[in-house]
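The values are calculated or read from the model by the stated rules, or taken from the named source; none is laboratory data. Everything quoted here is computed from the prediction, not taken from an experiment. Because the Cβ atoms are built from the backbone with ideal geometry, glycine has one as well, and the counts that use them run over all protein chains shown. Heads up: the accessible areas ignore ligands, DNA and RNA and are worked out on the full protein's heavy atoms, side chains in. Shrake-Rupley method; radii C 1.70, N 1.55, O 1.52, S 1.80 Å.
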Amino acid sequence: MVNARRADLTKIVADQQAFLAQKDTAGGAKTMRAYLWRVCGEEYDQSHNG
């Protein structure tokens, strides 16, 4: 899921902007891969838990 999102040209720019916006916050992911794992995990949880 993470690899597919990294390769999705329609989401790359938005993901990069969102990553940079949260990177320096207290609970922010420090790498792009960690950020994508968080985003994909949240999407997975939403689709499978209601």
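Miscellaneous remarks
- Residues (within 18 Å of Arg5 (Cα to Cα) and of a type in the set (Gly, Ala, Ser)) located in region 19-50: Ala29, Ala34, Gly41, Ser47
- When Ala18, Ala29 are screened for being of a type in the set (Gly, Ala, Ser), assigned to a helix (DSSP H, G or I) and surrounded by 10 or more Cβ atoms within 10 Å (Cβ to Cβ), only Ala18 passes.
- Restricting attention to region 1-15 and to residues that are within 11 Å of the chain's Cα centre (by Cα) and not in a helix (DSSP H, G or I), the residue that is surrounded by the fewest Cβ atoms within 10 Å (Cβ to Cβ) turns out to be Met1.
- Scanning region 32-50 for residues that are of a type outside the set (Ser, Thr, Tyr) and open to solvent by less than 40 Å² (accessible area, probe 1.4 Å) gives Leu36, Val39, Cys40, Gly41.
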